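What follows is a short report on a single structure.
Derivation of every value follows stated rules applied to the coordinates shown; laboratory data play no part. Predicted model, so just to flag it, every value in this text is computed and none were measured. Note that we place each Cβ from the backbone using ideal geometry, even for glycine, and neighbour counts take in every protein chain shown.
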Amino acid sequence: MSAALTTSGAMAERRTADPRLPRASSAVAAVVAIALSLFPSYLPHSPIVQGVVTALFVLLAVGLVRRLHRTRRLSGRAHHAVLLACGAGLIGTVLWADRTQDTMRTDIGMAPLDAADWAGTVATASALVLLLRGVRGVWRRRRLLGKPLVAVGLAASVLMPASPVHGASTGDADGQLLSSAASPVGAVRSYADMVDGEGVRARAERAADQLVRGGGLQRDRVVIMIPTGSGWVDPNAVTGLENRFGRDVAMVGMQYADTPSWWAYLTDQDGAARGARALFDAVARRVDTVPADRRPQLHVYGESLGATAGQDIFTGPGGQDAARRVCSVLWVGTPGGERAGLPREASVANDDDPVVHAAPSTLFRSPDDGRPWLPVVSLVQTGVDYLGSLAVPTGAGHRYGPEQADALPIC
């Protein structure tokens, strides 16, 4: 009798559950995931980036809860009470995030969030959730849909005209400012981009020869500019050096890769270091040919991956000899905030630059910068900050202004 009553009660409870409403556990997981996706990091996120992050957090959290949840599904008043609490929590989370993001944006000179920004976030998150759920549905039915999809693909390949595949750009006018534009103050700019069939050492020699032909050895200072992975040289650094030293500075750079800096950092740091060392050796040899009383001061500048590659000149083989030949170095936005340990070494880093502050140790340990921190979540959010580290005003994130050159020590 008791078993029959229990069974009938469970059946009644299932009948009172509203299938149109989300499960209580899923609702709680979604609200927690939204709060974690909005947890503040170093930089404010754009609506599109935030929408993508929120969607992925929610899908992951709900998916985990549904796989791990084994308790009885709530229904009736209890179910409604949990959903109401989740709704209130969601409203509070959005209000808190709006205030937090507005403070971050105002601090770096960005406009506060408005209704259109939040609408863009919601639209992006919703679209991504629907897209991924659709992909999952197609994948589950892949055996039934396999042949039609193959047929459509073959037809499209025959009927649609072939389109050209563009390779990675080797840099724009700003990226190759050292070679694409004359200095307005008469400073010397020289740059060697990548040429098919040319090795790293040959390219370094070509850059050094351009420096000599341009009269660089007759200037007071020669600055070796170590670019980022794609060959990009910060135009603000060039402008800053020319503002500070006028025509008495010569700058020389060389492209060592044609991939984005973040990809080169992950896959080819050795290539970046070889390029930096080859350029340094080629330029230093030419500087050494000038009599000591007329010899220009030799400096090294590196930003982002260029800073990492430049430091290898002094920490790798032959580093002590290189340190004796250089006057000073300047590193800007160095990944992890590393330094080479030279006597005249300066480092410039924005407080909110995720490239500088990111470290694997923040996975389970709070950094010493006083910022809000959660294990795992903060490291993920810092990785997301990379996506918007350049989409901020100069002086914030990974963007540095001409004043960075003022930090270069002189002899």
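With 10 angstrom as the radius, rank Tyr386, Tyr301 by how many other C-beta atoms surround their C-beta, starting from the fewest.
Values: Tyr386 16, Tyr301 29.
The order, fewest Cβ neighbours first, is Tyr386, Tyr301.
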Gap separating the Cα centres of the stretch 75-115 and the stretch 348-393, nearest whole Å: 22 Å
Could you work out how far apart the two model spin labels at Ile410 and Thr394 are, taking each label as a point 7 Å from the Cα in the direction of the beta carbon, and quote it in nm? 2.1 nm
Exactly which GluC sites (Glu not before Pro) in the stretch 268-369 are in a DSSP loop and have at most 14 other Cβ atoms within 10 Å? Glu338
Given the peptides 29-41, 392-404, 196-208, arrange them by the average over their residues of other C-beta atoms within 10 Å, most packed first. 29-41, 392-404, 196-208
Stokes-Einstein at 25 °C, 0.890 mPa s, Kirkwood radius from Cα pairs: D for the stretch 263-407 in µm² s⁻¹? 147 µm²/s
Hey, with R₀ at 60 Å, roughly what FRET efficiency would Arg136 and Gln297 work out to, going by the Cβ-Cβ distance, to 0.05? 0.45
Leu21-Ser126 pseudo-label distance in nm [points 7 Å out on the Cα-to-Cβ vector]: 2.2 nm
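Kindly put Trp232, Trp331 in sequence by how many other C-beta atoms sit within 10 Å of each C-beta, fewest to most. Can you show the working numbers first?
Values: Trp232 24, Trp331 27.
Ranking Trp232, Trp331 by Cβ neighbours within 10 Å, fewest first, gives Trp232, Trp331.
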Quick check: Cα centre of the stretch 194-265 to Cα centre of the stretch 311-326, how many Å? 18 Å
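Expressed in nm to one decimal, what extension gain is obtained for the pair Asn243 and Asp196 from 0.36 nm per residue of sequence separation less their Cα-Cα distance? Walk me through the numbers on the way to the answer.
Numbers: separation 47, 0.36 × 47 = 16.92 nm, distance 3.51 nm.
Length difference between fully extended and current span is 13.4 nm.
Please compute the net charge surrounding Asp102, taking Lys and Arg as +1 and Asp and Glu as -1 over other residues with Cβ under 11 Å from its Cβ. Don't skip to the answer; put the middle values down first.
Working: positive: Arg99, Arg105; negative: Asp98, Asp107, Asp114, Asp117.
Here the count lands on -2.
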Order these by the 10 Å Cβ neighbour count, fewest first: Val135, Val283, Val49. Val135, Val49, Val283
Classify the stretch 340-411 as rounded, prolate or oblate from the Cα gyration tensor: take a ≥ b ≥ c as the square roots of its eigenvalues, call it rounded if a/c is under 1.5, otherwise prolate when a/b beats b/c and oblate if not. oblate
Step through the residues of the stretch 276-286 one at a time and calculate ³J(HN,Hα) from phi using the Karplus curve (6.51 cos²θ - 1.76 cosθ + 1.60, θ = phi - 60°), rounding each to whole Hz and writing x for Gly and Pro. 5, 5, 4, 5, 4, 4, 5, 6, 4, 4, 6
